[in-house]
1. Would segment A:330-341 turn up any residue that is of a type in the set (S, T, N, Q), within 30 Å of B:Pro54 (Cβ to Cβ) and within 7 Å of another protein chain (Cβ to nearest Cβ)?
2. Which numbered condition in (1) more than 10 Å from ligand 2 (Cβ to nearest atom); (2) surrounded by fewer than 20 Cβ atoms within 10 Å (Cβ to Cβ); (3) under 22 Å from the mean Cα position of the chain (by Cα) is the only one that A:Arg166 fails?
3. For segment A:389-430, give me the residue count where each residue is surrounded by 21 or more Cβ atoms within 10 Å (Cβ to Cβ), assigned to a loop (DSSP other than H, G, I, E, B) and in contact with a helix residue (DSSP H, G or I) (Cβ under 7 Å, 6 or more places away or on another chain).
4. If we scan segment A:84-96, do we find a residue that is hydroxyl-bearing (Ser, Thr, Tyr), more than 20 Å from A:Leu347 (Cβ to Cβ) and touching a residue at least 60 places away in the same chain (Cβ under 8 Å)?
5. Mind telling me which of the residues A:Gly9, A:Gly40 ends up being in contact (Cβ under 8 Å) with a residue 12 or more places away in the chain, outside any loop (DSSP other than H, G, I, E, B) and away from ligand 1 (no atom under 15 Å from the Cβ)?
6. With the condition kept exactly as written, say whether any residue in segment A:184-191 is of a type outside the set (Gly, Ala, Ser) and without any contact (Cβ under 8 Å) to a residue 40 or more places away in the chain.
7. Against the condition under 23 Å from the mean Cα position of the chain (by Cα) and either without any contact (Cβ under 8 Å) to a residue 12 or more places away in the chain or surrounded by fewer than 20 Cβ atoms within 10 Å (Cβ to Cβ) (or both), how does A:Arg147 come out, does it pass?
8. Could you please let me know if A:Gly349 is within 16 Å of ligand 1 (Cβ to nearest atom) and in contact (Cβ under 8 Å) with a residue 24 or more places away in the chain?
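The values are calculated or read from the model by the stated rules, or taken from the named source; none is laboratory data. For clarity, every value in this text was computed on a predicted model and none was experimentally measured. A quick note on method: Cβ atoms are made from the backbone with ideal geometry, for glycine too, and the neighbour counts reach across all protein chains shown.
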Amino acid sequence: MNNDLYAAGIARGWNLVDARETLATTYNPDVIIIGSGAGGATAAAALAKAGFRVLILEEGSLKTANDFHNDELKAYAELYQEGALRTSKDGGISILQGRTVGGTTTVNWTSSFRTPNSTLAYWREQFGIATAQSEHLKPYFERVEQRLNIERWAASPNANNAVIQRGCEQLGWHWDVIPRNVQGCWNLGYCGTGCPTNAKQSMLVTHIPEALEHGAQLIHSVRVQQLTWANDQVTGVICQAMDAHLHHTRGELMHLQAPLVILAGGAINSPGLLLRSQTPDPHRTTGKRTFLHPVCMNMAVFDETIDGFYGAPQSIYSDAFNDIPSTAEMGFKIEVAPMQPSIVSALMGEFGDQHYQRMQQLAQSNLMLALMRDGFHGDDHGGRVELRANGDAVVDYPLGEALWNTCKKAFMAMARIQFAAGARSVMPVHALGKACTSIAAYQAHLETLPMRIFDVRLSSAHVMGGCGMSETPEQGVVNLSGQHHQLRNLYVFDGSIFPSSIGANPQLSIYAWTLKLTEELIARLGSHDPRAQ
Amino acid sequence: MNRRSFLKLSFGAALLLATIGGSARFLHRARRHPAEGYDVLRDQDVIFFSALFPAVIGPHPQFQLSLALRSLDRMLLASSPAMRKEVFNLADLATFAITRGPVTGVWRGWQHLQDDQIRAFLKRWQHSRVGLYRQGYQGICQLCQMAWYGVPQAWHNIGYPGPPEFLTRLRES
Ligand SMILES: Cc1cc2nc3c(=O)[nH]c(=O)nc-3n(C[C@H](O)[C@H](O)[C@H](O)COP(=O)(O)OP(=O)(O)OC[C@H]3O[C@@H](n4cnc5c(N)ncnc54)[C@H](O)[C@@H]3O)c2cc1C
Ligand code: SF4
């Protein structure tokens, strides 16, 4: 299993540069792509295959299967934005995003859903995105599914996931098997710390190698600080190498130029870079409408062993509550989270004796989560990206009544599933949460809990929007081609172009939309020379 | 100040204290560098977290403060300037002699506290109406917990066997 893909590739002549060693490049690219995640890698592969000279710039470093030791803290420090300690501006929501070659796909949990029809309909109606049609998108979804080997998980779910199946079956609620982008998965459960077997078909082992195989250059450990632009054109990027441990940038600023730039730094970072570059923004849309699928959670304890730290992290889900409600409340998708001890310890609540007792039940615990689909109501504008004094991007995400009401509903729904599946006790993940032994006791307990910031432990692993697609410049940042409304040779191809949240785990939406937009761009360019645009 | 009057501390007062905390940092200038043996934690952070760690982790028989502190230091090193600043502000506010009493209800130095006094402090912040304190409570607990349960020495006792061993063996073969 350890035939290292990258060692072999480098031996075959892959053009890989560690900016910490040198930033000097003589490569003369047709297109610069900022970010090597879901969007960036997919665009890079398509463009490189079409004969374009592609330069990919990635802030994270190159870590591959041989570096992935299932060590949580090492992974959080090396592979995640802000060492996995990123939060929204007021600290109300913890935000997980990747920062490494392959972007967040290197650390994600492999759940792969198409964009729900209800989401596409909302985009057509509210943002004039006529192309948001499942028939139109179908060929792109099918090709990505084939390329990344996306299939319903065929093995049995681990006991953590089986709780959803058993509980929903008992209640007569919807549940189904999750399709995953894996090939020869060892069912280990460490997708979040980087797949040690290369089974996960992340960008690290698929589109990035494909782009490199077709002559693309990848410079990693380099941060793009600004775009340079004049009139209605970007002219290039200003970037700077990271230090040895990727903590800070250091050394000389480098100005790289290309006739075409694709921004794919992911939500928060992509609009952040536009704001730092003071790109034209006549309607003040940049960074607005950033969505998080805010997550609230329930911890249940069972008599039997669950061992939620082992086995494919997500294999069963329930959409029993995932429609778009007519009220201001949100729908939510129910899944579970993998249960490695460091991250779970932060969710057990309490401290001292009580926390320790709860930790001792780790192997019998089940951690269920509800992903709230934000951005589907006229009053729900999600969050807004701004810059800190030092230029770092941060999302200001206000927590309103609709969210708290949805939390209450989601807490109850999850508790019902957990009790129906045979839980001995269920506890809301809340600073004052207590384990309850019946649904009635849980409901009564929930009534006493304040639904407010810091008490309800909210988190997010899905950041979307901030450079929304829209027919008109008043409503978004890019047009239906992903082209910036004001800068003609700047495109945004990543999760930030979605005008609302997806309402399902977003990676497959990002792959398929990026593939479509990139191929349309290639067709428009019509030749290998974007200078002829 | 007793517990009741502490709980009544208004948000305005909290803000005022946060401001004093700002000048506390200024006065703290001499102690703004990492402590000996750490990359991020300063002397006052080491004092603060040394007092808190045992109370937050509880009766874990393998607990080792030095390991836990080093793990926390590594986590903060990998985080962001904004995150480090928040932790520094909190530690400054809680350890600086002028603000410590009114903000934390802890009137003596952190080094001299009994376990039950530290637990009382955590409870006060956990149940506070002031967001700033609840945020502090959450931050302290989550950082300490993640740091400790991320080290292998913590695992045996909670029934986590660690990553499958065959992986390590395969890698070495
Ligand atoms: C723990 C976790 C589990 C997840 N599980 C799932 C799942 O099971 N299914 C699913 O569908 N989704 C999942 N997601 C979310 C999904 O992986 C992301 O939504 C998706 O990868 C986002 O793609 P993107 O292209 O927008 O950005 P990313 O994949 O995040 O890539 C952006 C890249 O750009 C780089 N970058 C940013 N700014 C700069 C700059 N200025 N200069 C240079 N480089 C820069 C970043 O370092 C990063 O590597 C998960 C996320 C997390 C954190
Ligand atoms: S569960 Fe499968 S895909 Fe995830 S880390 Fe393990 S082998 Fe890789």
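1. Restricting attention to segment A:330-341, the residues satisfying the condition of being of a type in the set (S, T, N, Q) are A:340.
Restricting the remaining residues to those that are within 30 Å of B:Pro54 (Cβ to Cβ) gives A:340.
After this cut, where a residue has to be within 7 Å of another protein chain (Cβ to nearest Cβ) as well, the list is none.
No, because not a single residue in segment A:330-341 is of a type in the set (S, T, N, Q), within 30 Å of B:Pro54 (Cβ to Cβ) and within 7 Å of another protein chain (Cβ to nearest Cβ).
2. A:Arg166 satisfies every listed condition except (3).
3. Final tally of qualifying residues: 1.
4. We begin by selecting, within segment A:84-96, every residue hydroxyl-bearing (Ser, Thr, Tyr); these are A:87-88, A:94.
Then drop every residue that is not more than 20 Å from A:Leu347 (Cβ to Cβ), which leaves none.
Within segment A:84-96, none of the residues are hydroxyl-bearing (Ser, Thr, Tyr), more than 20 Å from A:Leu347 (Cβ to Cβ) and touching a residue at least 60 places away in the same chain (Cβ under 8 Å).
5. Numbers: A:Gly40 fails: away from ligand 1 (no atom under 15 Å from the Cβ).
From the options A:Gly9, A:Gly40, the qualifying one is A:Gly9.
6. Initially, segment A:184-191 is screened for residues of a type outside the set (Gly, Ala, Ser), giving A:185-188, A:190-191.
When the remaining residues are screened for being without any contact (Cβ under 8 Å) to a residue 40 or more places away in the chain, the result is A:186.
Yes, segment A:184-191 has at least one match.
7. Numbers: under 23 Å from the mean Cα position of the chain (by Cα): yes; either without any contact (Cβ under 8 Å) to a residue 12 or more places away in the chain or surrounded by fewer than 20 Cβ atoms within 10 Å (Cβ to Cβ) (or both): yes.
Criteria met by A:Arg147.
8. Details: within 16 Å of ligand 1 (Cβ to nearest atom): no; in contact (Cβ under 8 Å) with a residue 24 or more places away in the chain: yes.
Considered against the rule, which asks whether it is within 16 Å of ligand 1 (Cβ to nearest atom) and in contact (Cβ under 8 Å) with a residue 24 or more places away in the chain, A:Gly349 comes out as no.
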